[in-house]
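Report on the structure given below.
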Amino acid sequence: MGTMKFEVPHSLPKDEAKQRVDQLLKYWHGKYGMKTEWSDHSGKISGKIMGITIEADFTIADTAVQGEGTDPGMLLRGKAKSYLQEKFSSVLDPKKSLDDVTRGLA
């Protein structure tokens, strides 16, 4: 299986972006059992969502969250990219507070 790259821009300080992404990862852990490992501003996630194995590495850079993960194949690639873009964009929205982000994922 190949890899799929993604990049979601943000305008937040890196530490705040990390806190928000961490909330998203906690949501995915609770909902899908995804496992997360952090190393400074980089992370790894792994697990299965609806029978599809997911393994991805990502980095929170100054202006974007960049990552690379398992490509689910041609039929699901567009849907997977859209889902990632939507979820990361939502948690990285500077108009929302961290509390808003946390409540929105509940």
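Only one of (1) of a type outside the set (G, A, S); (2) surrounded by 13 or more Cβ atoms within 10 Å (Cβ to Cβ); (3) under 20 Å from G104 (Cα atoms) fails for K31. Which number is that?
(2)
Would you pick out the residues in the stretch 58-78 that are surrounded by 14 or more Cβ atoms within 10 Å (Cβ to Cβ), polar (S, T, N, Q) and farther than 17 Å from M34 by Cα?
Passing the criteria: T59, Q66.
In the stretch 9-28, which residue that is aliphatic (A, V, I, L, M) and farther than 16 Å from K95 by Cα is surrounded by the fewest Cβ atoms within 10 Å (Cβ to Cβ)?
Residue satisfying both the conditions and the ranking: L25.
Restricting to the stretch 1-20, what's the tally of residues that are free of Cβ contacts under 8 Å to residues at least 40 places away in the same chain and part of a helix (DSSP H, G or I)?
Here the count works out to 1.
Among what's in the stretch 79-106 and is over 23 Å from K14 (Cβ atoms) and of a type outside the set (K, R), pick the residue that is surrounded by the most Cβ atoms within 10 Å (Cβ to Cβ).
Step by step, filter the stretch 79-106, then rank; the result is A80.
Computed from the coordinates by the stated procedures, all read-outs in this text should not be read as laboratory data. Everything numeric in this text was worked out from a predicted model, so none of it was measured. For neighbour counting, all protein chains shown are included, and Cβ atoms are generated from backbone atoms with ideal geometry for every residue, glycine included.
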